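The values are calculated or read from the model by the stated rules, or taken from the named source; none is laboratory data. All figures in this text were calculated on a predicted structure; none of them were measured in a lab. So basically every Cβ, Gly included, is an ideal-geometry build from the backbone, and we count neighbours across all protein chains shown. The area values use the complete protein model at the heavy-atom level, side chains included, leaving out ligands, DNA and RNA. Shrake-Rupley method; radii C 1.70, N 1.55, O 1.52, S 1.80 Å.
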Amino acid sequence: MRAYWFDNEQGDQRLAHDSKRDVEPSYLARLGVLYYHVPEESSIDTIAKERDYKNRDVITVSPDAMGAVYEDKVKMFFHEHLHEDEEIRYIRDGAGYFDVRSQDDDWVRIRLEKDDMIILPAGIYHRFTTDEKNYIKAMRLFKDEPKWTPLNRGNETDINEHRKTYLQSRDA
Ligand code: KMT
Ligand code: NI
């Protein structure tokens, strides 16, 4: 894992967009973003149990796995959005970037590789992209029914209850 400020330059979303200014995990924690390095896949069972995550699946995002819809999917994942539930991803292979909004509404880019696990809180604005290698395999954990509906940022999401709750705990 490496977190840094996104450089805001034009160009393919899959490029590193590295400003060379790092962001500490303690700042991610302030945003409510939790990061764990989990080299033993079996440790996931403990974490899942603690947080009451009952279900999981594994998704591969790549042209091989998705065929013609790959480019569309990658563009969709990169639309800024929030969810009404936590987003937990445990990377099993490949790499990708999660971008999350800072307190000042700037992008923090989080590069994740194999054995990296991230928990994004409900209500945080974020987006995802593969990197230049166009390949990531990730485990997705969820409590009951997957509630992954991305709510794209706009006037509606700004007044969403989960958004308000998130801001209250972030800025407390
Ligand atoms: C998301 O929420 O954007 C995704 O699930 C992307 C694929 S998982 C790395
Ligand atoms: Ni998401």
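Accessible area per residue of the chain at 1.4 Å probe, in Å²?
That works out to 54 Å² per residue.
What does the charge count around His81 come to, taking other residues whose C-beta lies under 9 Å from its C-beta (Lys +1, Arg +1, Asp -1, Glu -1)?
+1
Compute the projected area of the convex hull of the Cα atoms of the range 61-109, averaged over all viewing directions, and report it in nm² to one decimal place.
So the Cα hull casts an average projection of 4.4 nm².
Quick one: Karplus J couplings for the range 100-112, per residue in order, coefficients 6.51, -1.76, 1.60, θ = phi - 60°, nearest Hz, x for Gly and Pro?
10, 7, 7, 4, 8, 6, 8, 8, 9, 9, 10, 8, 10
Nearest 0.05, what FRET efficiency do Gln10 and Arg111 give at R0 = 25 Å with Cβ-Cβ as r?
0.80
Would you please state the base-10 log of I(q)/I(0) at q = 0.08, 0.14 1/Å for the chain, with intensities from the Debye formula using one equal scatterer on every alpha carbon?
The calculated log intensity ratios at q = 0.08, 0.14 Å⁻¹ are -0.23, -0.74.
Could you tell me which trypsin sites (Lys or Arg not before Pro) in the range 71-135 are loop residues by DSSP with no more than 12 other beta carbons within 10 angstrom of their beta carbon?
The qualifying sites are Lys133.
List the chymotrypsin sites (Phe, Trp or Tyr not before Pro) within the range 119-152 that fall in a DSSP loop (any state other than H, G, I, E or B) and whose Cβ has at most 12 other Cβ atoms within 10 Å.
Trp148
Using only alpha-carbon positions, what ratio does the radius of gyration of the range 3-92 give when scaled by 2.2 N^0.38 Å?
1.32
Which whole-percent values make up P(r) of the range 71-172 when all C-alpha to C-alpha distances are grouped in 10 Å steps starting at zero?
15, 48, 32, 6
Send over the Kirkwood Rh of the range 117-162, from the inverse of the averaged 1/r over different Cα pairs, rounded to one decimal Å.
13.2
Tell me the GluC sites (Glu not before Pro) within the range 23-92 that lie in a loop according to DSSP and have at most 10 other beta-carbon atoms within 10 Å.
Glu40
Measure off, as a whole percent, the carbon and sulfur share of the 1.4 Å-probe accessible area of the range 63-149, all protein chains present.
After summing per-atom areas, the C and S share lands at 46 percent.
Label-point separation (nm) for Thr60 and Arg140, each offset 7 Å from Cα along Cα-to-Cβ?
Placing both labels 7 Å along Cα→Cβ, they lie 1.7 nm apart.
Would you compute, from DSSP H runs of 4+ residues alone, the mean residue ellipticity of the chain at 222 nm, taking -39500 (n - 2.57) per run and dividing by the full residue count, rounded to the nearest 500?
One gets -5500 deg cm²/dmol as the mean residue ellipticity at 222 nm.
Which of the residue pairs Lys49/Lys137; Lys20/Lys143; Lys114/Lys143; Lys75/Lys137; Lys54/Lys133 have a Cα-Cα distance greater than 26 Å in the structure shown?
Lys20/Lys143; Lys54/Lys133
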